[in-house]
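Here is the structure we will look at.
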Amino acid sequence: MSKTLQPDPRVETARRRFLAGLGALPLAAALSQTSTPAQAASVKSSARIVIAGAGAAGLAAASQLAARLQGASITVIDARKEHYYQPGFTLVAAGIKPQAYTVSNTGDYLPQGVEWVTERVAEIDPEGNKVVTESGKAMAYDFLILATGLELNYAGIEGMDTARIGQNGMGSIYHSPQAATATWQAMSAFADKGGIGVFGRPAGEMKCAGAPLKYTFITDDHLRRRGNRGKAEIVYMAQSKSLFGVPIVAEKVRMLFQDRGVKVNHEHVLQAIDLDKRIATYKTLTGTAEQKYDFINVVPPMRAPEVVRNSPLPWTEGPFAADGWVEVDRDTLRHKRYPNVFGVGDIAGVPKGKTAASVKWQVPVAVSHLIGDIAGKASSEVYNGYTSCPLITRLGQAMLIEFDYKDNLIMSFPGVIAPLEELWISWVMKTMALKPTYISMLRGRA
Ligand SMILES: Cc1cc2nc3c(=O)[nH]c(=O)nc-3n(C[C@H](O)[C@H](O)[C@H](O)COP(=O)(O)OP(=O)(O)OC[C@H]3O[C@@H](n4cnc5c(N)ncnc54)[C@H](O)[C@@H]3O)c2cc1C
């Protein structure tokens, strides 16, 4: 039976009082670190700007451009009418937020004057400065902002069937809001009984690399709360020798996993799954290894969407080439070969990023360079690789992990939030403060 976790009303009141006393500290800190579009002078232009993708990055870019340009034609292309607040998927799959928490309407965030073409981009022609939609509509541009996000390549796992998420112990929180709910039901049933719980992440780049770790900790905590941790084995399959891309964070997670009794198998990448027999097969350094499970959270390999992979825009060599990530300059997010094209959000082929928090820092940089081109005044704005992830380590606690290209830990709230500490305030950030900040970002106000 799946249960929705109800917060103790007394604790909830205390939390709200505390937050009220603290004010909107995280929001204020974040907002104070960059000039908002409203503060920036308006630039007159008749430029045609096309934004491919209306997710976190596309909407943030549209809002910032609309606020800063007068007379420009700004067109957003995306067939999806629902907007997904994806950081909330983990909370839905943890049983602490309803599915509706993650779903809203794209139209609610589109600024006035921005045209929305509700189709998918089917072809990108950077030589001809145009994109073509699925219905064959060609749209010429002076500037293109590529914000298509990434593709979840479930087909890359033999035997995987997304229609069966939530059935027979198989969950996958990345797929959709519905899948997050179904995963919660499957995980909750597992937490009632115990057995073998299997977690892990794909090889290659992925969005929010902390999410698979978080879900391991969350499942561990649910088992403990129900008195069933002793009846369960938890196994985490790491794709490499490390548990996280930033060494100091990897070491902290290793220690926490040891403390919680999570067994780790390194250099194991999910290759196939038998959904009837509940057996997962992993590619290892020496061949393959089978793992039985009673519950598994499948995190698929990720790559650029087909339309981008088939275009001339991806890297042609180096670590980002195989999966089609877009060849942008890591400082400016400007395409290295097509200077009127920018890549922001998950699609950008840069060493860090792939979180909504990264989008918040990438979009103003790309927008400022684009406007600099229009105004004939080069921008000096630089994206430093800022990436962050509130890593939930148990229900009610999280570590706020923030870092840059150089693996330096960044502290947005020195004296309030220490980076590698399991804190209740970081949990509050993840569960209460992040979504309003995210929505402000979509509206160009953060
Ligand atoms: C389970 C999970 C947990 C996460 N947790 C966190 C977290 O705690 N903190 C955090 O900061 N981030 C987190 N993230 C990551 C964050 O959600 C993404 O990094 C962010 O949404 C990236 O923004 P984006 O605009 O690049 O992509 P998206 O927001 O995914 O938007 C891409 C848009 O492009 C559209 N599109 C795709 N193909 C085409 C096409 N051919 N033509 C037109 N449009 C197209 C899609 O319909 C979509 O609307 C999490 C993600 C997941 C899945």
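Could you let me know the centre-to-centre spacing of region 126-185 and region 347-400, using Cα atoms, in angstrom?
21 Å
Return the FRET efficiency for the residue pair Arg309, Asp407: r is the Cβ-Cβ distance, R0 is 41 Å, and the value is rounded to the nearest 0.05.
Approximately 0.90, to the nearest 0.05.
What is the dipole size for the chain, taken about its Cα centre, with +1 at each Lys and Arg Cβ and -1 at each Asp and Glu Cβ, in debye to the nearest 20? Provide the component values of the computation, followed by the final result.
Details: 49 positive and 41 negative charges, 265 e Å.
It works out to roughly 1280 debye.
Pull out the extension gain between Asp276 and Arg80, defined as 0.36 nm times the separation in residues minus the alpha carbon to alpha carbon distance; nm, one decimal. Don't skip to the answer; put the middle values down first.
Numbers: separation 196, 0.36 × 196 = 70.56 nm, distance 3.26 nm.
Difference between extended and current length: 67.3 nm.
When DSSP assigns beta bridges and you keep just the ones with both residues in the chain, what percent turn out antiparallel, to the nearest 5?
50 percent
Roughly speaking, to the nearest percent, how much of region 329-446's 1.4 Å accessible area is carbon and sulfur?
That fraction is 52 percent.
Name the residues of region 296-316 whose amide N is less than 13 Å from a point 7 angstrom out from the Cα of Ala203 along the C-beta direction?
Within reach of a label on Ala203, which here means backbone N under 13 Å from a point 7 Å along Cα→Cβ, region 296-316 contributes 301-302.
In region 162-275, how many lysine pairs have Cα atoms under 17 Å apart, counting only pairs 8 or more places apart or on different chains?
Lysine pairs satisfying the spacing and distance rule in region 162-275 number 7.
7 Å from Cα along Cα→Cβ at both Arg225 and Ala189: what's the point-to-point distance in nm?
Label-label distance for Arg225 and Ala189, simple model: 2.0 nm.
Give the separation of the Cα centroids, region 42-81 to region 198-237, in Å.
Cα centroid to Cα centroid, the span is 39 Å.
Using the heavy atoms of the protein chains alone and a 1.4 angstrom probe, what is the accessible area of the chain per residue in square angstrom?
41 Å²
With angles folded into 0 to 90 degrees, how steeply does helix 9-22 sit against the dominant principal axis of the chain? Use alpha carbons for both and round to 10.
Tilt relative to the chain: about 40 degrees.
Grab the Cα-Cα distance for Gln167 and Gln258, subtract it from 0.36 nm times how many residues apart they are, and report the gain in nm with one decimal.
Value of the extension gain: 29.8 nm.
Shape verdict for region 147-203, please, from the Cα gyration tensor: rounded (a/c under 1.5), prolate (a/b greater than b/c) or oblate.
Because a/c hits 1.5 or more and a/b exceeds b/c, region 147-203 counts as prolate.
In straight Cα distance, which lysines are under 24 Å from Lys137, not counting same-chain residues fewer than 8 positions off?
By straight Cα distance, Lys137 reaches Lys81.
Against the longest principal axis of the chain, how steep is helix 211-225, in degrees 0 to 90 to the nearest 10, with axes from Cα atoms?
That helix lies at roughly 30 degrees to the long axis.
Can you tell me the orientation of helix 56-68 relative to the chain, as the angle in degrees between its alpha-carbon axis and the longest Cα principal axis, to the nearest 10?
30 degrees
Nearest 500 deg cm²/dmol is fine: what mean residue ellipticity at 222 nm does the chain get from its DSSP H runs of n ≥ 4 alone, each adding -39,500 (n - 2.57), divided by its residue count?
Helix-only estimate at 222 nm: -8500 deg cm²/dmol.
The values are calculated or read from the model by the stated rules, or taken from the named source; none is laboratory data. None of these values were measured; they are calculated from a predicted model. Neighbour counts run over all protein chains shown; Cβ positions are idealised from the backbone, glycine included. The area values use the complete protein model at the heavy-atom level, side chains included, leaving out ligands, DNA and RNA. Shrake-Rupley method; radii C 1.70, N 1.55, O 1.52, S 1.80 Å.
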